[in-house]
Amino acid sequence: MSDKHIKVTLVRSVIGTHKSHRATVRGLGLGKLNSSRVLVDTPEVRGMINKVSYLVSVSDA
């Protein structure tokens, strides 16, 4: 069974954002600006992306 993957990239700085949003970005595995991670497309990951959608961009991996 092949799981669908998505690529998440941090495109805006977390400076000045809510503490919980910074923690969510770290939870996605993103640190510096323009860092990317390939993640399994699950409802949990989608919820995290939805919370910080103004900071990240998402594409198919």
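Here are some notes:
- Subset of the stretch 1-39 that is of a type in the set (S, T, N, Q) and part of a strand (DSSP E or B) - its residue that is nearest to Asn50 (Cα to Cα): Thr9
- Residue within the stretch 35-55 that is on the phi > 0 side of the Ramachandran plot, exposed (fewer than 13 other Cβ atoms within 10 Å of the Cβ) and not acidic (Asp, Glu) present: no
- Residue match in the stretch 51-61 (condition: at pLDDT below 95 and either in contact with a Leu (Cβ under 9 Å, 6 or more places away or on another chain) or assigned to a strand (DSSP E or B) (or both)): yes
The values are calculated or read from the model by the stated rules, or taken from the named source; none is laboratory data. Fair warning: this is a prediction, and the values are worked out from it, not measured in the lab. Neighbour counts are summed over all protein chains in view; Cβ atoms, including those assigned to glycine, are modelled from backbone coordinates with ideal geometry.
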